[in-house]
Amino acid sequence: MTDNSRKPIRKAVFPVAGMGTRFLPATKAVPKEMLPIVDRPLIQYAVDEARAAGIEQMIFVTGRGKGAIEDHFDIGFELETTMKERGKDVSILDGTRLSPGNCAYVRQQEPLGLGHAVWCARDIVGDEPFAVMLPDELMWGEPGCLKQMVDAYEKVGGNLISVLEVPRESVSSYGVIAPGKVDGALTEVTGLVEKPKVADAPSNKIVSGRYILQPQVMHTLQDQEKGAGGEIQLTDAMAKMIGNQPFHAVTFDGRRFDCGSKTGFVEATLAIALEREDMGEDVRAIATRLLG
Ligand code: UTP
């Protein structure tokens, strides 16, 4: 265990270089991460969650066709000037401006998997622990998921992943943890299995898109062979670190929407629209009418 294990978490990596094939044709020219839930793109929810957890630098691992993400977090000079000239309020754009000191972009030249995408950020991450956030998993709760994890990290250090409990019959589509000692929302992780059969699953706690990792994971990724689906898997690299460094799971107190799937995306849209003060009542009336 190095001195790094409790350094503050200042950087978050957002892997956004995937092809988004489940959302074609919508994602042919528009990055999946820019698809909006009501009026905010998915990536904006993740960046806001990171900011609320104290993250100072957002590192986006992008690829070809992902330029809209850079534009989104830039200053929209013409837009803002014109809006101001017309007396319109631009405060709605406040969360979208990331100054050069607060963001960095690195390219993943081929979509070789999540592990490879994280590895592409190694030079910017450097020798300090960091967060990884998958923007297509929308974590909805207060405090946010990453904040809950950072609070846990301050107690136990090391590596953490967020988990959710699901019905046992549905574990086979996910990464599943083998649990050790449980202390409230914190569970020691003694193993990780990707997409196990129901009968072989070590628990019903699935890995859910938020990670706090020690920088050593970059060395593990560097040496790693391709795994399931011919991709370099983050789960495999993390599994190798269990036993060498503290590894815990935090059960997220909130809701998770899998916006990488079409039904999850629709669910998130409906759930968040129903909660919005500016439209919840109208949407409830529409949903009730549609459901007959
Ligand atoms: P997913 O597997 O959910 O995204 O990866 P995908 O590959 O874009 O989507 P489908 O399955 O083809 O519809 C989870 C996250 O990891 C990123 C994706 O952009 C997404 O945010 N990712 C995945 C990369 O950055 N690089 C990769 O090589 C793979």
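Hey, got the dipole for the chain? About the Cα centre, +1 on K and R Cβ, -1 on D and E Cβ, debye to the nearest 20?
480
Please give the calculated 222 nm ellipticity per residue for the chain, where each DSSP H segment of at least 4 residues contributes -39500 (n - 2.57) and the sum is spread over every residue; nearest 500 deg cm²/dmol?
-8500 deg cm²/dmol
In terms of modelled amide H atoms, which long-range or inter-chain residues lie less than 5 Å from the amide H of Cys103?
Met58
Run the quick spin-label model on Ala68 and Ala271: label points 7 Å from Cα toward the beta carbon, then report their separation in nm to one decimal.
2.4
Charges at C-beta only: +1 for Lys and Arg, -1 for Asp and Glu. How large is the resulting dipole of the range 1-47 about its Cα centre, in Debye rounded to 20?
Roughly 120 debye, rounded to the nearest 20.
Sorting Leu290, Leu42 on the 10 Å Cβ count, fewest up front, what's the list?
Placing the least packed residue first, the sequence is Leu290, Leu42.
For the chain, give me the percentage of DSSP beta bridges that are antiparallel, rounded to the nearest 5 percent.
60
Karplus couplings for the range 149-159 from phi (6.51 cos²θ - 1.76 cosθ + 1.60, θ = phi - 60°), rounded to Hz, Gly and Pro as x?
6, 5, 4, 5, 4, 4, 8, 10, x, x, 10
For the range 49-58, what does the Karplus curve 6.51 cos²θ - 1.76 cosθ + 1.60, with θ = phi - 60°, yield as ³J(HN,Hα) per residue in whole Hz, taken in order and with x for Gly and Pro?
Listing the rounded values in order: 5, 5, 4, 5, 9, x, 5, 9, 10, 9 Hz.
What's the magnitude of the charge dipole for the range 42-120 around its Cα centre, counting Lys and Arg as +1 and Asp and Glu as -1 at the beta-carbon? Answer in Debye, nearest 20.
It works out to roughly 140 debye.
Determine ³J(HN,Hα), in whole Hz, for all residues of the range 199-208 in sequence, where each value follows from phi through the Karplus function 6.51 cos²θ - 1.76 cosθ + 1.60 and θ = phi - 60°; x replaces Gly and Pro.
5, 8, 5, x, 6, 10, 9, 9, 6, 9
Taking Cα centroids, how far is the range 181-196 from the range 122-138 in Å?
Rounded to whole Å, the Cα centres lie 21 Å apart.
Can you sort Trp119, Trp140 so the residue with the fewest Cβ neighbours within 10 Å comes first?
Going from least to most buried by this count: Trp140, Trp119.
Going by how many other Cβ atoms sit within 10 Å of their own, how do Thr187, Thr82 line up, fewest first?
Thr82, Thr187
Longer than 28 Å from Cα to Cα, which of Lys66/Lys240; Lys155/Lys205; Lys66/Lys226; Lys7/Lys197; Lys84/Lys262; Lys155/Lys226 are they? Say none if no pair is.
Lys66/Lys240; Lys7/Lys197; Lys84/Lys262; Lys155/Lys226
Readers should treat all values here as calculations from the given coordinates under stated rules, not as data from a laboratory. Note that the coordinates shown come from a computational prediction; the quantities given were computed from them, not determined experimentally. We place every Cβ from the backbone using ideal geometry, glycine too, and count neighbours over all the protein chains shown.
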